[in-house]
Every structure is written in structure tokens, then in C-alpha cells.
1. Hey, among the residues in the stretch 365-388 that are farther than 25 Å from S94 by Cβ and in contact with a Gly (Cβ under 8 Å, 6 or more places away or on another chain), which one's nearest to the ligand (Cβ to nearest atom)?
2. Look through the stretch 99-149, keep the residues that are aromatic (F, W, Y) and assigned to a strand (DSSP E or B), and return whichever of them is farthest from the ligand (Cβ to nearest atom).
3. May I ask you to list the residues in the stretch 200-246 that are over 26 Å from V52 (Cβ atoms), of a type outside the set (S, T, Y) and not in a strand (DSSP E or B)?
4. Please determine whether any residue of the stretch 352-374 is over 19 Å from F247 (Cβ atoms) and not in a helix (DSSP H, G or I).
5. K233 - would you say it is exposed (fewer than 14 other Cβ atoms within 10 Å of the Cβ) and either within 12 Å of the ligand (Cβ to nearest atom) or not polar (S, T, N, Q) (or both)?
6. Which of (1) away from the ligand (no atom under 16 Å from the Cβ); (2) surrounded by fewer than 18 Cβ atoms within 10 Å (Cβ to Cβ); (3) among the hydroxyl-bearing types (S, T, Y) does Y351 not meet, given it meets every other one?
7. Can you confirm whether the stretch 335-351 contains a residue that is within 21 Å of the chain's Cα centre (by Cα) and touching a residue at least 24 places away in the same chain (Cβ under 8 Å)?
Amino acid sequence: MSFSGVDYFLIDSALNEEELLVRRSTREFVEARVAPLIKDAYNQGRFPMDLVPELGRMGFFGANLTGYGCAGMSNVEYGLMMQELERADSGLRSFVSVQGALVMYPIHAFGTEEQKQHWLPRLATGEAIGCFGLTEPDFGSNPSGMKTRARRDGDYWILDGEKTWITNGSLADVALVWARTDEGIRGFLVEKGTPGFTATDLHGKLSMRASVTSSLSLVNCRVPATALLPQAKGLKSALSCLTQARFGIGWGVLGAAMECYEVARQYVILRKQFDDRPLASHQLVQEKLANMITEITKGQLLALHAGRIKDQGKLEPAHVSLLKRNNVAIALDCARAARDLLGANGIMDDYPIMRHLCNLETVKTYEGTDHIHALVIGERVTGVAAYR
Ligand SMILES: Cc1cc2nc3c(=O)[nH]c(=O)nc-3n(C[C@H](O)[C@H](O)[C@H](O)COP(=O)(O)OP(=O)(O)OC[C@H]3O[C@@H](n4cnc5c(N)ncnc54)[C@H](O)[C@@H]3O)c2cc1C
């Protein structure tokens, strides 16, 4: 049955025509092109690469950036697009998030005109793929400790180090690698095929299976001085990219939650137990659905407000922490409740719920864990940093 949306509180009435159009066209794309293949891609542990040119043609890559072939969407339009993509699968939304928020955004914000002209149009069409290398084996939640180093050698930089858990690492034509230099942490655009640079896929993931995750190795890897993003200075530049991506996650996970809710709602209306009564007629079942729709609705209002104030230039990283942390948590709760309501069927891949539930475990961890965002919020409200 085609999806008609989840709008308990008439939130659609706060969306304009363009916003509704972006959501509709993304939804139609997902239903026609992604829904038929995502289960197999997930089970086979691969990203459906055939979709990349189509994702580019739809304007999904770097959609809220302007110029250089980008769609120039508002942040609410962008958020609605992310929501529809993640309704299909978090791996699909991750691909689009990494390309746009973690590779195109930093080139757009911190790059030279030559870097922008060279990379952004190709990344926008999907002709080129990018990845973002920040995390290291010993530095996940605390990237400030990174060991990867870059040292200047005439007209070159030489990079040494290891990055891990890098989405799209082996697929990428260009890796944005963050490294420590004598002037602090800087970002470098390392092209595929550069001697000393290799990407190796991680296998054995039971979550985010329709997404490629790799380790990056840099051994005496020599890149030209023009590979440095000149305006990216210090860890705060890397974190500003994460703020963009987390905003997309705050919207995206609502798509996963809405899908789980809607599948469970329809299931309990049809499924009968005890005297031929539908599951939906039991109070305990209704309470679960009531809790799900309440939390989804609160999450929708939060995301919409975040999008509106982002469009006004008022959204701060601490706001995004609250958005990401809350909406991922409620999406996980919805997926678990939906899994439960489907009984044994809930664990089967005939339904999307278990896939979403497994994916959301990753989404809780990456882009700042639930704990780290709690600490950001805690610092904001007390003025006291408690990370260490
Ligand atoms: C599928 C996937 C894709 C990813 N893609 C990318 C990518 O494209 N690029 C990239 O750079 N990284 C990526 N990551 C890495 C991700 O950002 C890290 O996994 C994340 O930052 C957490 O780091 P960690 O796994 O080392 O966990 P750790 O930092 O070791 O944390 C483990 C646990 O300890 C808790 N913890 C840590 N410090 C504190 C503290 N001070 N107080 C309280 N609790 C704390 C955490 O909240 C967590 O519960 C990806 C990860 C996954 C799983």
C-alpha cells in the first residue's frame, strides 16, 4: 500500500507548496526506485550504486547548497527530502548526508574557488563520490585526540595515519581527511589512487548493511598543497560539517519512525487474536500506538522548527544536538514498539521494521553518540563541560 504520510497534528498545514512538492517527488522516487530493491541490497550487504546518477538527477546531493549545480533548497525542503529517503533506509540517507553535508558543504564553505569548481558540480550529479574521514581506531567520540598527521614538504603535504568507520570510503573518488598539522587540525582532499592511500571495507556489520563502511590508510601519502581546504582551521571546522549532517539525521530518522509506525498500525488493524478481535482493539496495543504517534509528532514539530530557524541563520550546534539525540531516541523506541506489535513477523525481512531497528542502532552512535549530545546539552544549560 502506498504511503500517505503521518500527520496527526496538521503539521502539513505549516508547509508551503514547494516544501510539499519536494516531499512528494522524493516519496515518489523512493517508492518507484528504492522500495523494490532495498531489502535485497540490505541482505546482500551492498549499497545500490545504480541509484547514484538518479539521486544526482533528483538534486539530492548538496541540496541545500547554492550554486555549482546544487539545488539550492531551503533547509525545511532538505529535511523533508531526508525524511523520505530514510523512510526507505538509513543507508540511503547516509549516502546522501555524507556526500552533501560532509563533503560538499566543507568544500563549499572552506574551499578555494578552484576546489569548488572542480569538485562541486561532479559531486552534485554523483559523477564523483566523496567520503569524510574523521574517526580513528582510538578516537571516536573524542576526535580531538587524532593521531593522523600532515607535514608540509615544499609544495606538498605528506599524510600518515588511519581512519576507520568511514561511510563510502572505498567508493569515494575524494576523501576529506582531517589531520593534525603544526597549525592545528586541517582538512585535506585526498583523491582515490593517490600513492600511499588505500581504502578497505569493513565486513560483518549487522546494521547499516545497505551502506559501505571502510577504513582508510595513509602511509607517506603525498598530496599537493592545493589539496588543503584553506578556510578549514581547527576541529571546529570538522564539527561544523557534523552539525550539517546531524540536522539531516534529525529529520531522516522521523522517516524510519513513521514507516515503522504505519506498518504496525496497519498490521494491528488486520491481525486477529482472541475471539477474532483485531489486535488494535486491545488497550495495551493502542497505548503503544498512542505513544509512537505522540513522540513522532513531537519530533516532527522539533524538526520543522529547527529547519525554520536554520533558514533564518539562528540554528546553533547545541540545538542540533537536542534534535539529533531526541529524534534518534524516539525513532528507536518506535522501531522497537513496532517490532513487538508484529510479533514473530516483526523479525522478518518481509517487513522493514527490523532493518530500520538495526540501522537506527548505528544512527544512535554515529555523528555524536546519545551520550555526547547529552553532554553538549548539559554544557549548554549549566555552562560546565563534562566530557572528560
Ligand atoms: C556505520 C557507521 C558509519 C560511520 N561513518 C563515519 C564516517 O563516514 N566518518 C567518520 O569520521 N566516522 C564515521 N563513523 C564513526 C562514528 O562517528 C563513531 O563510531 C562515533 O563517533 C563513536 O565513536 P566510537 O565508535 O569510537 O565509540 P566510543 O567513542 O568508544 O564510545 C563508546 C561508548 O562510550 C560512550 N562515551 C564515550 N565518551 C564518553 C564520555 N565522555 N562520557 C560518556 N560516555 C562516553 C559513548 O557514548 C558510547 O556509548 C561511523 C560509524 C558507523 C557505525
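All of the numbers you see were taken from the coordinates with simple rules; none came from a lab. These numbers were taken from a predicted model, which means no experiment stands behind them. Note: ideal-geometry Cβ built from the backbone for every residue, glycine included; neighbour counts use all protein chains shown.
1. Per the stated criteria, the residue is A386.
2. The initial filter retains those residues of the stretch 99-149 that are aromatic (F, W, Y), namely 105, 110, 119, 132, 139.
With assigned to a strand (DSSP E or B) added as a condition, the list becomes 132, 139.
Numbers: F132: 5, F139: 7 Å.
Residue satisfying both the conditions and the ranking: F139.
3. Result: A225, G234, L235, K236, L239.
4. Within the stretch 352-374, one or more residues are over 19 Å from F247 (Cβ atoms) and not in a helix (DSSP H, G or I).
5. Working: exposed (fewer than 14 other Cβ atoms within 10 Å of the Cβ): no; either within 12 Å of the ligand (Cβ to nearest atom) or not polar (S, T, N, Q) (or both): yes.
Spelling it out, it is not the case that K233 is exposed (fewer than 14 other Cβ atoms within 10 Å of the Cβ) and either within 12 Å of the ligand (Cβ to nearest atom) or not polar (S, T, N, Q) (or both).
6. In the conditions (1) away from the ligand (no atom under 16 Å from the Cβ); (2) surrounded by fewer than 18 Cβ atoms within 10 Å (Cβ to Cβ); (3) among the hydroxyl-bearing types (S, T, Y), Y351 misses (2) alone.
7. The initial filter retains those residues of the stretch 335-351 that are within 21 Å of the chain's Cα centre (by Cα), namely 335-336.
Right, trim to touching a residue at least 24 places away in the same chain (Cβ under 8 Å) and you get 335.
Checked the stretch 335-351: at least one residue is within 21 Å of the chain's Cα centre (by Cα) and touching a residue at least 24 places away in the same chain (Cβ under 8 Å).
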